[in-house]
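The next block holds one structure in the form of structure tokens; read it before the comments.
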Amino acid sequence: MTSPNFYELVGGEPTFRLLVDEFYAGVAEDPILRPLYPEEDLGPANERFRLFLIQYWGGPSTYSEQRGHPRLRMRHAPFRIASAERDAWLRQMRRAVDAIALPPEQEAVLWDYLERAAHFMVNADDPE
Ligand code: HEM
């Protein structure tokens, strides 16, 4: 028997669905983040992000079947992401991670990744 991957370990699709739903509930109310999202309906963005995370952590690769290679820095290039946007993103993500209440070791793995990925996505300097 092979050991479960991280996707399976944390509870599979329902866990990522809850995480991303909580995150986007926060984005919808966030004065820094909401204006960055080009579409009025956050549903499609929610689905893209959920499918990406599922694929990243070892679940089905539906994201790449639909969207191709993630190329996340390139896909974020149209949006100005300085430290204020990164920190707002991490604040909403922190709330969402708290909401899914994972065991501490799993939570640490997930949070470490999200924090590093958010820093990697910064593409603009802070205003003078
Ligand atoms: C898409 C903002 C960080 C994963 C987007 C979009 C915006 C955005 C405005 C477009 C919404 C859409 O139409 O899909 C931000 C901001 C970040 C950030 C302000 C702050 C650092 C991250 C991080 C990840 C991520 C850290 C991954 C861990 C994605 C994915 C998409 C996306 C997968 C959809 C890409 C596609 O297939 O088109 N993000 N993002 N984002 N973001 Fe972020």
Candidates GLU115, GLU39, GLU107 - the one that is without any contact (Cβ under 8 Å) to a residue 24 or more places away in the chain, among the acidic types (Asp, Glu) and within 28 Å of SER3 (Cα to Cα): GLU107
Name, by its number, the condition in (1) surrounded by 15 or more Cβ atoms within 10 Å (Cβ to Cβ); (2) modelled with pLDDT under 95 that does not hold for GLU39. (1)
Where in region 1-102 are the helices (runs of 4 or more DSSP H), entirely inside, with at least 3 residues that are of a type in the set (Val, Ile, Thr), farther than 18 Å from LEU114 by Cα and more than 10 Å from the ligand (Cβ to nearest atom)? none
Is it the case that region 19-30 has a residue that's surrounded by 11 or more Cβ atoms within 10 Å (Cβ to Cβ) and in contact with an Asp or Glu (Cβ under 9 Å, 6 or more places away or on another chain)? yes
Determine whether VAL10 is within 18 Å of MET121 (Cβ to Cβ), of a type in the set (Val, Ile, Thr), crowded, with 18+ Cβ neighbours inside 10 Å and modelled with pLDDT of 95 or more. no
Restricting attention to region 17-39, which residues are over 24 Å from SER64 (Cα atoms) and either acidic (Asp, Glu) or in contact with a Gly (Cβ under 9 Å, 6 or more places away or on another chain) (or both)? GLU29, ASP30, LEU33
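The values are calculated or read from the model by the stated rules, or taken from the named source; none is laboratory data. Quantities reported herein were computed from a predicted structural model and do not represent experimental measurements. Cβ: placed from backbone, ideal geometry, glycine included. Neighbour counts: every protein chain shown.
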